[in-house]
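Here the structure is laid out as C-alpha cells; the discussion comes afterwards.
The values are calculated or read from the model by the stated rules, or taken from the named source; none is laboratory data. Computed from a prediction, not measured in an experiment: that's the story for all the values here. No Cβ is skipped: glycine too gets one built from the backbone with ideal geometry, and neighbour counts run over all protein chains shown. Only protein heavy atoms, including side chains, enter the accessible area calculation; ligands, DNA and RNA are left aside. Shrake-Rupley method; radii C 1.70, N 1.55, O 1.52, S 1.80 Å.
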Amino acid sequence: MTNDLMNRYNDLFDHMGGWLDNSKDFLDSHAFRNILQSDVAEDEHEYTVKVDVPGMSKDDIHLAYSDGILTISGHRSTFKDDSDKKKNLVRQERSEGSVSRSFNLPNVDKKAITAKLDGGVLTVTLPKAAPEENEDTITIE
C-alpha cells in the first residue's frame with residue numbers, strides 16, 4: 001500500500017528534522033512554522049488526509065486532484081495586533097504567506113472526493129476507484 005512509501009519518507013527525514021528546523025529558523029524567521037502538518041491514512045476503500053490549517057478559512061484553502069496527486073494550498077494573512085500602542089513586540093511568530101503540500105494518492109474516484117474544515121483541521125476523503133477488470137492484461141487468442 002501507499003503507506004509503506006510514506007513511512008520510508010518519514011523515517012528518512014525524521015532523523016534530520018531537528019537540524020533542518022533550526023537552519024530554517026536561522027534563515028527565515030518569518031516562515032510558516034508547522035503549517036499543513038498532515039496525517040494520511042489508507043484502507044481498502046479510501047484515503048483520508050487530515051491537515052492542520054490554523055488561521056485559515058475555507059476561502060483561503062484550495063484543493064486540486066490531478067494525475068494521482070492531491071494538492072492542498074492555502075494563504076494566511078498576518079496576525080497584526082496594534083491594540084496596545086505602549087507595548088513593544090518581543091517575539092513575532094505568526095506571519096502571513098502561502099503554503100502548499102502534495103500527496104501521491106493513486107486510483108481515486110475524483111468525482112467522489114469530499115472535504116470538510118472543522119476547528120482548524122481540514123479532512124479530505126478520497127474514495128478509491130473500482131479497479132477495472134484486467135486493466136493491465138492482454139488476452140491471447
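Structure data summary
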{"item": "From Ser57, Ser23, residue being at pLDDT below 85, small (Gly, Ala, Ser) and open to solvent by less than 100 Å² (accessible area, probe 1.4 Å)", "result": "Ser23"}
{"item": "Elements of type strands (runs of 3 or more DSSP E) in the range 89-134, at least 2 residues being exposed (fewer than 14 other Cβ atoms within 10 Å of the Cβ)", "result": "97-104, 114-118"}
{"item": "Cβ-Cβ under 7 Å pairs, at least 6 apart or on other chains, the range 53-68 side over 25 Å from Ser95 (Cβ atoms), far side open to solvent by 30 Å² or more (accessible area, probe 1.4 Å)", "result": "Tyr65/Lys110; Tyr65/Ile113; Gly68/Asn104; Gly68/Pro106"}
{"item": "Count - residues of the range 49-64 that are of a type in the set (Lys, Arg) and part of a strand (DSSP E or B)", "result": "1"}
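Residue by residue, here is whether (1) touching a Lys or Arg at 6+ places or on another chain (Cβ under 9 Å); (2) at pLDDT below 95; (3) among the polar types (S, T, N, Q) holds:
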{"site": "Ile72", "(1), (2), (3)": "yes, no, no"}
{"site": "Thr78", "(1), (2), (3)": "yes, yes, yes"}
{"site": "Glu93", "(1), (2), (3)": "yes, yes, no"}
{"site": "Ile113", "(1), (2), (3)": "no, no, no"}
{"site": "Lys128", "(1), (2), (3)": "no, no, no"}
{"site": "Glu135", "(1), (2), (3)": "no, yes, no"}
